[in-house]
Structures are given as structure tokens and as C-alpha cells.
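In what follows, a single structure is set out as C-alpha cells and then discussed.
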Amino acid sequence: MLKDYNSGKSGLDLFEKYGVYGINIFELKQKYKDLRIDILKELIDLNEENCRLKTMYSDLSIQYRKLKDLLKEDF
């Protein structure tokens, strides 16, 4: 995202692509300016995995709740 920002893309383009705009871009730039590319890639990968795991947990939680309700009805 910061590469797109530094290449001169407009704030609207960045918002449409990443959902981030305005002051958030400057905060991100300040926060991650000293990190190497490999560390940033690892951070992105970890964030993606975290999102995937959260989705998986919520799906399993819903299944558990449905099974629990189903068993409760049978008894």
C-alpha cells in the first residue's frame, strides 16, 4: 500500500483498493517506515493467517452452537 501511495496514487484509489485513507496512511507510513520488506511481508502473511483463523473459529463456534441446540432439543 505504501508503494502505491509513494507512486502518487490518489487517496480515493487507495481507499477503494485497501479500505484505508487520510490520516491512516500517514500513521502506517510512520509506523512501518523502518521495517525491511521481508519483515513487512511476514507481517502481512501473519495478518492474513489471523483473519483466516478468526473466520475458521467463528464457523466452528456456530457449528458447535447448532449442535448443542440440536442435542438440547432431543432430550
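The numbers here are math on the coordinates, done by the rules we state, and not lab data. Treat the numbers as computed from the prediction; the structure is a model and nothing was measured. So basically every Cβ, Gly included, is an ideal-geometry build from the backbone, and we count neighbours across all protein chains shown.
Results, tabulated for the structure shown:
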| item | result |
| --- | --- |
| Phi-based couplings in Hz for the range 30-46 (Karplus 6.51, -1.76, 1.60; Gly and Pro marked x) | 5, 5, 10, 5, 9, 7, 6, 4, 5, 5, 5, 4, 5, 5, 5, 4, 5 |
| In Hz, Karplus ³J(HN,Hα) per residue of the range 55-61 (6.51, -1.76, 1.60; θ = phi - 60°; x = Gly, Pro) | 5, 4, 4, 5, 4, 5, 5 |
| Residues Glu73 and Glu48, FRET efficiency given R0 of 22 Å [Cβ-Cβ distance, rounded to 0.05] | 0.05 |
